[in-house]
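The values are calculated or read from the model by the stated rules, or taken from the named source; none is laboratory data. Predicted model, so just to flag it, every value in this text is computed and none were measured. Every residue, glycine as well, gets a Cβ built from its backbone with ideal geometry; the counts of neighbours run over all protein chains shown. For the accessible areas, the whole protein counts, side chains as well, though only heavy atoms, and no ligand, DNA or RNA atoms are used. Shrake-Rupley method; radii C 1.70, N 1.55, O 1.52, S 1.80 Å.
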Amino acid sequence: MRVSKKWPILGLVFVIIIAAVLFGLSRLNRYQQEGALTLPGLKEAVTVLRDEKGMAYIYAKNPDDAIMAMGFITAQDRLFQMELTRLFATGRISEMIGEKGEPLDTRMRTIRLHRLGKRHAGILDAQTKLFTQKYIDGINAYIKNGSNEHPLEFRLAGIKPGLWDLPDVLAIMYLMSWNSAANIETEIIAQMLIEKVGLAKAKETFPLNINPDDLPEGTTLSKTHAHESSGINLSSDQSLLAYLQDRPLHIGSNNWTTGPKLSPGGKPILANDPHLDSRILPGPWYPCGIITPEFRMVGVSIPGIPVIVVGRNEHIAIGVTNAYGDSQDLYIETLDPKDPNRYLEGDKSLPFEVLSEKLFIKDKDAPGGKKEKEIKIRLTRRGPVISGVLPGLKTEKVVTLRWAPFETMGPHLGTEQLMSARSIEDVRKALSKFDIMMLNFVFADKGGNIGWMASGKLPIRSQGDGTVPYVVKDSKDNWIGWIPFEKMPQIYNPKRGWVGTCNHDTVGKSYPYYYSSHLSPSYRYRRLIQLMETPEKKSVDHHWQFQRDAMNLMAKEIAPIMAKALKKHEDTKELAEILSRWNYVDHPDQPAPTIFQAVYREFALLTFQDELGKDLALTMLKNWYFWQERLKQMVLEGTSPWFDNVLTKDLKETRDALFHQAALAAADKLRASLGKDPKEWKWGKVHTIEFVSPIRREGLGKGLLGDGPHAFLGSGETLCRGIYEFKDPFKVTNSASLRMVADLSDDDKVLAVLPGGVSGRFFHSHAKDQIQAFINGDKMYWWFSDKTIKEHKKTSLLLKP
């Protein structure tokens, strides 16, 4: 067939048209970065310099102006992202997406983040209010005065940005706290297991938490106060089960710091890579620098919250991970059989408190484009009802939710003191006021001091732990006090010269209080210990490499057992040989990680689904922290009764038999997607990450506005984190949302990269320009000194009073 000469010309014309459209759209979605702007409310002029990444460095003559400019500049870059976060936190997402958002809005109104944000705003002290209000004033100034350059995304989404207030900021802080508090999931799953198989059998699957710095066998929950099934069926209540799925910012992370003896420059080096779902561009963190006569801080914040929480100033460096302190309890409460509007505490009948909330749901057929719906929220003395009415053996039940941050509100937030801290003692003082969130803060100062502390305020429970819902039988409060600040998990200047956390059990058996039962398996932290205990000093390059370390210590223990079982069978011998040659690094070019993950996933399902049923098994297995350490222990011991399939009466299955069955099932699925040759089942073909626009996550245009897919290093068990959903293997959902290494002996720069960019605007040159460096492990920097900031300056904007 003869190809017309017109086709290359038409192709070139098409490319030119696309380029012109993109160029035009990018110009439509720009904002002023040079020249001068008036910012009402400033005391003095502020200069904003931007570097080659578009990152802003705010030069102000006083902290108030700096924070106001921070609000303004953050809104320039991330106003649409901020609006989406606010809509989510305040239960208003249906105003943008219609009926699809109604169930989510109902749950968020039930949790009451915004309502309680209003209450908290009323008790804040004057200094905290002023600090936060300055940031809000900056946001609102941009909304009111920058309407001609508001992000194009607003028009495409059919919404307009509204002005912000103090409860909005607090609601977003509470949202971040809610997303870091995961024990509600453990409680729901634990109770469902008890209902299905009884207490004794269920406890065989309960979380096993191990602190590698403590006794090697770890801790199990011997004090669990769980009761035998009360006849209720949580698994049938869709309202309650929905709370297992409402955490788009589910938080993990690694952080560590080395002291001066382990650091080549004689000052501490701090590394942090928070693990979040960072697939939604431009990513959850906003980087900027603030330079005032009082302090100089460079790092990242959550857009909408006025604090740089990961980064460094002239004196200290700081990083965070999720501590998973158990701040939540579920309660099984009894309805008064004589009056469903009341509930019982023993013989005492009390009325539900009832709150009314109005939803405004986008509907093109309704007057004004929105329909109104009123919802009623019932509360007991412990908190809101989050279930439907559950039939019990004798009386009907409901489940209520209690959450510590709503009971520990104080006049301070502690956030503003973090940025101006001059020592680790200053950090500790700031954290004494930071009751809103349970995080592991790792920090270091130029004096050579290093430390770690878990923030937040946790209840002391009369029953010991909070792994399963508490049955209300009388008026006694099972929260009998609060863990004192001085007794919260913490350590300073340890003898080994470093400290770190990987969401693991940090407290050990000697800790006098129950801390949590929802904690990460120990594999990442064990690997960190291995890397840190090599004899050489650890340079910035070492820390950068550690963050991308893909050694899978869980696989190192389990894969040899798996391979031995598969070698016994001709139809799985080739898989066994690939596993036997593996170095246990989850590298995209290797087939062994694919085989291991696929077989182990099928093995876990086979182990539990016969007793639990497939739906409950999948619900439990979706929560990796609940079962991974426990199943590994079963595999190593080799004789667990859970390996026997109770549905095959005349056959007793063994661990190795299940591995063989799992391998056959996994191989069938892998052949269908990757071909017949197992040597070609490369991890990078299935373990990928794809970045998408917040309003075009699928369909036509997704690729144009997003990026990828990219083959991704690591897995859920490695320091280089690449978690996938158990139900949807193997696409990455959670990974590092930032990689940062701060060397306190280097006052020029901080090594840091984002899986996205600075700007949250379509087609902007800095919306996704850091992705390739993030994927490849290439180095990028935040600039710290005046010299390096000015050397890398690309634009300068003057903000005038």
(request) Write down Rg/Rh for segment 646-696, rounded to two decimals, with Rg from the C-alpha atoms and Rh from the Kirkwood relation over Cα pairs. (result) 1.23
(message) Beyond a 22 Å Cα-Cα separation, which of these cross-linked pairs lie in this structure: Lys446/Lys793; Lys567/Lys669; Lys261/Lys779; Lys495/Lys538?
(response) Lys446/Lys793; Lys261/Lys779
(request) Let me see the pair-distance distribution of segment 528-607: every alpha carbon pair, 5 Å bin width, integer percents in order. (result) 3, 14, 22, 19, 14, 11, 8, 6, 3, 1
(message) Per residue of segment 174-182, what does 6.51 cos²θ - 1.76 cosθ + 1.60 with θ = phi - 60° give for ³J(HN,Hα)? Whole Hz please, x for Gly and Pro, Karplus curve as stated.
(response) 5, 4, 4, 5, 4, 5, 8, 9, 10
(message) As an exercise, use a Förster radius of 41 Å and the Cβ-Cβ distance of Asp650 and Asp589 to find the FRET efficiency, rounded to the nearest 0.05.
(response) 0.35
(request) May I ask you to give the solvent-accessible area per residue for the chain, in square angstrom, as obtained with a 1.4 angstrom probe? (result) 38
(message) Suppose R0 equals 35 Å. What FRET efficiency, 1/(1 + (r/R0)^6) with r the Cβ-Cβ distance, do Ser356 and Arg155 give to the nearest 0.05?
(response) 0.60
(request) List, in order, the whole-Hz ³J(HN,Hα) value for each residue of segment 757-771 obtained from phi through the Karplus relation with A = 6.51, B = -1.76, C = 1.60 and θ = phi - 60°; use x for Gly and Pro. (result) x, 7, 8, x, 10, 3, 6, 5, 5, 10, 7, 8, 7, 9, 4
(request) Could you please tell me the mean projected area of the C-alpha convex hull for the chain, averaged over all directions and given in square nanometres to one decimal? (result) 38.5
(request) Within segment 346-374, find all residues whose amide N lies under 11 Å from a label point positioned 7 Å from the Cα of Asp339 along Cα-to-beta-carbon. (result) 349-352
(request) Place the peptides 194-207, 120-133 in order of packing, highest mean first, counting for every residue the other Cβ atoms within 10 Å and averaging per peptide. (result) 194-207, 120-133
(message) Quick check: from the Cα gyration tensor, does segment 560-695 come out rounded (a/c under 1.5), prolate or oblate?
(response) oblate
(request) Starting from the Cα of Asn233, step 7 Å along the direction of its Cβ; do the same at Lys573; then give the gap between the two resulting points in nm. (result) 4.9
(request) Please sort 674-682, 727-735, 646-654 by packing, taking for each peptide the average over its residues of neighbouring beta carbons within 10 angstrom, highest first. (result) 727-735, 674-682, 646-654
(request) Using only the alpha-carbon atoms of segment 490-530, report the extent along each of the three principal axes, biggest first, to the nearest angstrom. (result) 28, 22, 12
(message) Using 31 Å as the Cα-Cα cut-off, could you pick out the over-long pairs in Lys203/Lys487; Lys568/Lys682; Lys53/Lys100; Lys61/Lys487?
(response) Lys53/Lys100; Lys61/Lys487
(message) Can you compute the helix-only [θ] at 222 nm over the chain? Use -39500 (n - 2.57) per DSSP H run of at least 4 residues, normalise by all residues, nearest 500 deg cm²/dmol.
(response) -10500 deg cm²/dmol
(message) What does the charge count around Glu95 come to, taking other residues whose C-beta lies under 14 Å from its C-beta (Lys +1, Arg +1, Asp -1, Glu -1)?
(response) +4
(message) Within the chain, what whole-number % of the accessible surface is contributed by carbon and sulfur, with the 1.4 Å probe and all protein chains included in the calculation?
(response) 53
(request) Subtract the Cα-Cα distance of Glu374 and Gln633 from 0.36 nm times their separation in residues, and report this length gain in nm to one decimal. (result) 88.3 nm
(message) Beyond a 32 Å Cα-Cα separation, which of these cross-linked pairs lie in this structure: Lys144/Lys429; Lys196/Lys685; Lys201/Lys509?
(response) Lys144/Lys429; Lys196/Lys685
(request) Sort 435-446, 484-495 for me by packing, meaning the mean count of neighbouring Cβ atoms within 10 Å per residue, highest on top. (result) 435-446, 484-495
(message) Contact order normalised by length for segment 423-468, with contacts defined as Cα pairs under 8 Å and 6 or more residues apart; what percent is it?
(response) 37
(message) Under the 0.36 nm per residue contour assumption, what length would be gained going from the current alpha-carbon distance of Glu725 and Asp786 to full extension?
(response) 17.5 nm
(request) Would you work out which of Met532, Pro512, Val169 lies farthest towards the positive end of the dipole of the chain, given +1 charges on the beta-carbon of Lys and Arg and -1 on that of Asp and Glu, about the Cα centre? (result) Val169
(request) For Lys370, go through the aspartates and glutamates and keep the ones whose alpha-carbon is under 15 Å away, minus same-chain ones fewer than eight residues off. (result) Glu95, Glu99, Glu102, Asp105
